[in-house]
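The values are calculated or read from the model by the stated rules, or taken from the named source; none is laboratory data. Every value quoted in this text rests on a predicted model; they were computed, and no experiment measured them. All Cβ positions, glycine included, derive from the backbone under ideal geometry; neighbour counts span all protein chains shown. Surface areas here come from the heavy atoms of the whole protein model, side chains and all, with no ligands, DNA or RNA. Shrake-Rupley method; radii C 1.70, N 1.55, O 1.52, S 1.80 Å.
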Amino acid sequence: MQFELLPPQLLAEFKSKKISTSTVIDILDGLNAGNALTPEIHAINMSEHYLVAQAYTVCWKMVRKGSNILHSQPSTWSQVSPFLVPELQSGAGLVYVAGAGPLITDAALAGGMSCTYFEQLGFAGVILGGAVRDLRELKLLAMPVLASNPIPTDTQGAYWVAETGTQCLIAQVRVQSGDLIVSDINGTVVVPLMLAERLLQQALAIDSTENAMLDQIRQGARLPELINMTGRI
């Protein structure tokens with residue numbers, strides 16, 4: 001891999017506390033960085049999820065005809081087979097992220113068999129900039145699969161994998177391999193790798209403050225006064 005892995009213990013602490021994407025995006029706003037994925041991308045196989053891991057990207061592109069229509073064209077399998085990221089022996093600490101720019105809603109970027117394989121490799125989850133298929137199989141997985149919609153058709157003959165382990169685009173958001181992905185029921189946030197460790201530490205501190213505020217509110221404290229004291233809402 002061409003990027004640095006974040007400290008596993010820091011990711012584990014962040015995950016154990018389930019720091020919300022709302023907290024994450026608030027910090028990113030202060031740093032003038034990061035983005036949230038479109039809400040069209042949502043967990044398709046479970047009602048509630050929490051995901052924090054580094055992105056490993058797959059970049060898809062539309063298939064175009066060759067310059068000579070008499071020449072034989074690449075097989076559809078050779079065009080798409082890199083989506084299985086054969087260069088990786090393990091997906092531990094990673095989330096599989098695939099996109100092509102505009103959401104691909106007319107063809108599945110992955111399905112039940114491939115997502116089961118990704119889970120077996122150790123990926124923490126799958127995020128697709130478009131459709132997925134085989135919902136029955138996906139609902140058996142312990143990891144979240146995020147996509148725009150289910151559809152039975154696949155990509156072969158219409159789309160091809162341009163590169164893996166570099167970057168991809170999901171709608172207007174560019175995801176670089178190594179970026180930190182945080183996803184929960186509120187949405188999915190992309191944190192640039194260069195800010196990830198700093199953000200993790202800040203988020204843990206803010207989470208402690210906000211949990212204390214919630215406890216005080218439940219005991220009758222007035223929120224305006226707490227905000228004036230802590231600067232948090």
Scan region 87-117 for residues that are farther than 21 Å from LEU193 by Cβ and of a type in the set (Phe, Trp, Tyr) and jot them down. TYR117
Any residue in region 8-22 that is of a type in the set (Asp, Glu), closer than 27 Å to LEU193 by Cβ and in contact with a helix residue (DSSP H, G or I) (Cβ under 8 Å, 6 or more places away or on another chain)? yes
Just give me the residues in region 178-200 being hydrophobic (A, V, I, L, M, F, W, C), part of a helix (DSSP H, G or I) and in contact (Cβ under 8 Å) with a residue 24 or more places away in the chain, in sequence order. LEU193, LEU195, ALA196, LEU199, LEU200
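Only one of these is under 17 Å from THR38 (Cα atoms) and either charged (D, E, K, R) or open to solvent by less than 40 Å² (accessible area, probe 1.4 Å) (or both): PRO144, PRO150, PRO102. Name it.
The match here is PRO144.
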Consider region 1-24. How many of its residues are open to solvent by less than 90 Å² (accessible area, probe 1.4 Å) and either under 14 Å from the mean Cα position of the chain (by Cα) or under 11 Å from SER183 (Cα atoms) (or both)? 5
Go through ILE217, ILE185, ILE206 for me and flag whichever is out of contact with any helix residue (DSSP H, G or I) (no Cβ under 7 Å at 6 or more places or on another chain) and among the aliphatic types (A, V, I, L, M). ILE185
Report whether or not ARG222 is of a type in the set (Lys, Arg), within 27 Å of GLU13 (Cα to Cα) and open to solvent by 50 Å² or more (accessible area, probe 1.4 Å). no
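Count, please, the residues in region 181-231 that happen to be of a type in the set (A, V, I, L, M) and in contact with a strand residue (DSSP E or B) (Cβ under 9 Å, 6 or more places away or on another chain).
12
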Within region 34-48, the residues that are in contact with a Ser or Thr (Cβ under 7 Å, 6 or more places away or on another chain) and surrounded by fewer than 17 Cβ atoms within 10 Å (Cβ to Cβ) are GLU40
